[in-house]
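The values are calculated or read from the model by the stated rules, or taken from the named source; none is laboratory data. These numbers were taken from a predicted model, which means no experiment stands behind them. No Cβ is skipped: glycine too gets one built from the backbone with ideal geometry, and neighbour counts run over all protein chains shown. The protein model used for the area step is the full one, side chains on, heavy atoms only, and it has no ligands, DNA or RNA in it. Shrake-Rupley method; radii C 1.70, N 1.55, O 1.52, S 1.80 Å.
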Amino acid sequence: RLCASLRGAGRRAFLFLWLQGGDAGAAEPALAAAIRAFPGPAGQMPMAEWPTRFWTLLLALPPSMAQDPAGGWPPALAFLAEMPAPARRALLLRQIAGLDESTAAAILGLDLAGYQQALAQACPRDPTGGPDAAGWRRQAEAIQQAGRDLDDTRLQRLAQLREAALAGRGVSPPPATATDGRVPPGAAAGPPGPRTRRPPGARGRRMVLAA
């Protein structure tokens, strides 16, 4: 069950790590580190607690493992570069991980009001200064499209990385990647697109780790 859960969550986790830090290459070793750390404690937990455990591990990774200080987001995701890091993490936990607000807040070490404030910072605004629902949907679609645009070679590499990490083996360094997360021809993507989430204020539904 652990392997099956990681098979589903690993794809979304890669997308989260890449879009959180803007570095697709650094996201791979960061994901491997989280996968290696996950099985031991998770084996002693109820399955219902696995999502919290896994996403907590991702957030606990040293920033240097998953973040490019300069950032490398494709043009369609330039809005991520403009956000403060806490707002970006709050948004991605909503749009990629699909966590409810209370769980996401706990993972980020925030109270519910603090999480909602970070999420509000990520929400685009209309001319009146109110939440822009259409802009929120465009953000969600851009994040989904980033997942759909990843190459099959990336997906194959993530599968190899997962199996190697679970077996305690290393993997060869990833090939150079473009800033859009694609692997150049001849080199090993990513997750199916995450579901669109409603703007802040709408109740989020918790997504099962293996989904």
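Brief remarks follow.
- The residues of the stretch 75-102 that are touching a Pro at 6+ places or on another chain (Cβ under 8 Å) and open to solvent by 20 Å² or more (accessible area, probe 1.4 Å) amount to a single one, 79.
Residues are listed down the side, and each one gets a yes or a no for (1) modelled with pLDDT of 85 or more; (2) under 17 Å from residue 17 (Cβ atoms); (3) out of contact with any Cys (no Cβ under 7 Å at 6 or more places or on another chain); (4) not basic (Lys, Arg):
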{"site": "129", "(1), (2), (3), (4)": "yes, no, yes, yes"}
{"site": "134", "(1), (2), (3), (4)": "yes, no, yes, yes"}
{"site": "138", "(1), (2), (3), (4)": "yes, no, yes, no"}
{"site": "141", "(1), (2), (3), (4)": "yes, no, yes, yes"}
{"site": "161", "(1), (2), (3), (4)": "no, yes, yes, yes"}
{"site": "167", "(1), (2), (3), (4)": "no, no, yes, yes"}
{"site": "173", "(1), (2), (3), (4)": "no, yes, yes, yes"}
{"site": "180", "(1), (2), (3), (4)": "no, yes, yes, yes"}
{"site": "185", "(1), (2), (3), (4)": "no, no, yes, yes"}
